[in-house]
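The values are calculated or read from the model by the stated rules, or taken from the named source; none is laboratory data. Small disclaimer: the values here were computed from a predicted structure and weren't measured. Glycine also receives a Cβ, built like all others from the backbone with ideal geometry; neighbour counts cover every protein chain displayed. Note: areas computed on protein heavy atoms with side chains; ligands, DNA, RNA excluded. Shrake-Rupley method; radii C 1.70, N 1.55, O 1.52, S 1.80 Å.
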Amino acid sequence: MNAILGFTEILKRGYVKNEQDSLRYLNIINNSGKNLLDLINDILDLSKVESGRQEIEKIQVMPHRIISDVLQMLGVQAREKSVELLFEAQGPQPQTIETDPVRLRQIIFNLTGNAVKFTDTGKVTIDCCLQNDRVDPQLLIRVTDSGIGIAPDKLNVVFDPFVQADAETTRRFGGTGLGLAISRKFCRALGGDITVESVLGKGSCFSVTLPTGDLQGVALLEPEEVIAVQQQIDEGSSSRWQFPEAHVLVVDDGAENRELVCFLLEEAGLKVDEAENGQVGMEKAIANQYDLILMDVQMPVMDGFTATRILRQKGVDKPIIALTANAMKGFEQQCLDAGYSGYLSKPIEIDRFMKYMAEELGGKLVCEDTDLSPVAVNDHGAGAKQPHARDTTPIVSRLPANNEKIRQLILRFITRLGEQLQAMDVAVEGNDFEEVADLAHWLKGAGGTVGFDVFTEPAAEFEAAAKAGEKAEAIDALAELHSLAERIVCPENGSSPISVTGGPTAKHLSTGNCQTDSQSRTIHNQPVVSRFAAQPKFHWPVLHFVEKLKEQMVNMERAWQHLDMSELAEFASWLKGSAGTVGYDDFTEPATRLEDSARNGETEQIALVVEQIRWLSRAVVPPETTENNELSANTPQCTKRM
């Protein structure tokens with residue numbers, strides 16, 4: 001709050017010397033406001049639980065799937081710290097339990113996030129086992145880390161609101177001290193509890209016990225089956241959704257959104273009608289009897305809020321679910337206040353979307369292949385890591401190299417990379433693992449900073465091997481880094497990236513040699529491929545998005561030319577929801593940044609992200625083209641993304 005008021009006062013008094021300082025102060029105010037909003041939301045959650053007003057639902061959920069979701073969300077943060085993040089299934093696991101999925105996810109997220117936060121080296125493990133008491137079966141979930149630990153005299157206070165282990169912890173790691181308090185209260189509201197064991201300097205173990213509900217008729221899965229079931233759900237190839245007869249209305253101004261949703265629901269046996277705006281949707285909903293309505297919020301002619309209010313006033317009492325790209329915390333409550341029954345965010349996550357529909361309409365997941373393929377597991381049920389196939393695709397920085405400052409930044413990194421790789425070779429050969437870890441840590445951060453994200457994970461693995469003194473693993477990781485370096489494409493001034501045939505070797509890089517022979521270079525555009533490209537049943541909505549993208553890019557260019565921040569933000573909101581919905585996930589992050597930058601008037605940031613979106617749009621590969629690429633690998637501009 002001090003930062004918000006202080007920098008606002010500076011702006012009000014006109015003390016700002018230039019636009020750059022003004023934008024910097026506005027960013028500080030914006031970030032401080034977001035942090036304050038997070039704190040307020042935590043306090044509201046805490047107060048709701050303490051006052052007994054927190055709403056808890058009990059439905060059938062798959063606990064191992066929720067754990068998997070959390071691991072995916074926190075995986076990047078763990079890799080950045082070279083901390084291993086594992087899931088281990090201990091003995092038979094119930095396929096489903098009866099609990100609140102939102103609160104369970106928040107509990108596991110808070111505990112695992114804390115474990116990663118307070119662990120600098122080693123690993124964080126989530127293990128799960130069933131305490132199968134016939135009268136009161138419990139699920140035990142333990143989050144164990146090798147972090148800083150907690151002093152014995154502090155174990156009783158870490159669950160108190162606004163309390164951390166000591167002042168040094170607060171200074172070093174930050175935070176409000178609300179996560180554990182909220183988690184324990186949620187857990188107790190669900191009929192369970194959280195306890196902790198810890199040794200100072202060696203790590204902590206937080207244990208969550210939750211009642212499972214009645215397990216009669218619930219399948220118990222062996223550890224290897226847990227992994228196999230997760231793979232089935234992720235791939236979506238061995239199971240299908242089955243629904244009773246029902247009629248659904250989909251109201252959305254995005255044609256590709258409507259088509260994908262309609263396809264998913266019709267595949268499950270549901271009857272589906274469409275409407276392109278709130279006015280048409282409202283008229284259809286009054287004229288027909290629908291069992292459920294999916295209603296976008298921001299639409300032309302009539303928005304979703306207005307249409308929903310009118311339908312409620314006219315006595316329509318069937319579920320109306322908001323389907324929107326606005327994922328801001330608190331927006332869900334606005335939807336509920338307007339008469340919506342629930343809320344789903346775009347881009348659509350198919351599994352979560354279908355599960356939600358199943359809960360509303362009485363659907364169920366039917367496994368078509370009960371003969372689960374064997375999966376390699378470790379002693380505790382964790383999946384074995386499989387080797388990666390060698391990739392020869394040229395690597396291009398995701399940053400726009402036609403900007404001279406950025407181009408020079410990329411070139412400096414490429415030159416430095418060659419020097420650092422040579423230093424890594426020497427350090428590994430001399431068993432100087434401390435030096436190796438420092439060099440790997442540099443690459444882990446520097447690569448992503450200049451747009452070469454492919455270095456982040458292998459550099460993290462290299463660092464972890466160095467810290468553990470595992471020379472064989474370090475040699476393997478270093479070989480992968482050399483392989484990646486050989487595929488780097490050097491940018492030329494004012495042009496598209498130029499690929500060196502065969503790729504520059506580490507020796508070339510070490511001398512900063514990014515010059516190319518005009519006889520041996522080819523223009524390379526990294527292809528952008530939908531994750532549905534290999535699934536013909538999704539091609540129709542994907543192709544519609546590709547066509548719509550061409551129109552929308554014209555709108556983006558016009559808005560950028562006229563510095564129309566409102567239209568830029570509207571375009572970004574559409575792109576953020578629509579692209580991810582049809583599997584072009586490369587657009588989600590830059591579209592989010594464009595929307596934020598447009599709303600904050602950050603013209604320099606907008607220039608960068610607009611250029612990135614231009615590149616991505618030019619590199620989009622429609623489904624048919626993707627299939628042709630697999631048959632015609634010699635076409636440089638259609639190189640398949642690995």
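One quarter of the convex hull surface, Cα atoms only: what value does that give for segment 524-566 in nm²?
4.5
Does segment 260-325 come out rounded, prolate or oblate by the C-alpha gyration tensor, with a ≥ b ≥ c the root eigenvalues, rounded set by a/c under 1.5 and, if not, prolate when a/b is larger than b/c and oblate if not?
oblate
Going down the list K271/K346; K471/K576; K444/K576; K81/K548, which pairs span over 32 Å between their C-alpha atoms?
K471/K576; K81/K548
R309 versus K284, label points 7 Å from Cα toward the beta carbon: distance in nm?
2.3
Compute the distance in nm between two label points, each set 7 Å from the Cα along the Cα-to-Cβ direction, one at E419 and one at N431.
Taking the two extended label points, one gets 2.9 nm.
Which pairs in the list K117/K364; K154/K202; K123/K355 are over 27 Å apart, alpha-carbon to alpha-carbon?
In this structure, K117/K364; K123/K355 exceed 27 Å between Cα atoms.
For the residue pair L563 and A607, what label-to-label distance in nm results when each label sits 7 Å from Cα along the Cα-to-beta-carbon direction?
For L563 paired with A607, the spin-label model returns 1.2 nm.
How large a share of the accessible area of segment 64-152, in percent, is made up of carbon and sulfur atoms when the probe is 1.4 Å and the other protein chains stay in place?
Looking at segment 64-152 in its full context, I get 51 percent from C and S.
Please sort 185-191, 290-296, 313-319 by packing, taking for each peptide the average over its residues of neighbouring beta carbons within 10 angstrom, highest first.
Highest to lowest by the protection proxy: 290-296, 185-191, 313-319.
Compute the FRET efficiency between V135 and I4 as 1/(1 + (r/R0)^6), taking r as their Cβ-Cβ distance and R0 = 45 Å, and round to the nearest 0.05.
0.25
What's the FRET efficiency of Q60 with V199 using the Cβ-Cβ distance as r and R₀ = 45 Å, to the nearest 0.05?
The computed FRET efficiency comes out at 0.75.
Please list, short to long, the whole-number percent of alpha-carbon pairs of segment 58-111 in consecutive 10 angstrom bins beginning at zero.
22, 49, 25, 4
Give the shape of segment 246-296 as rounded, prolate or oblate, defined through the alpha-carbon gyration tensor: a ≥ b ≥ c are the square roots of its eigenvalues, a/c under 1.5 means rounded, and otherwise the shape is prolate if a/b is larger than b/c and oblate if not.
Note, shape of segment 246-296 comes out oblate.
Taking 8 Å as the Cα distance limit and 6 or more residues as the minimum spacing, I'd like the relative contact order of segment 528-630 as a percentage.
Answer for segment 528-630 is 39 percent.
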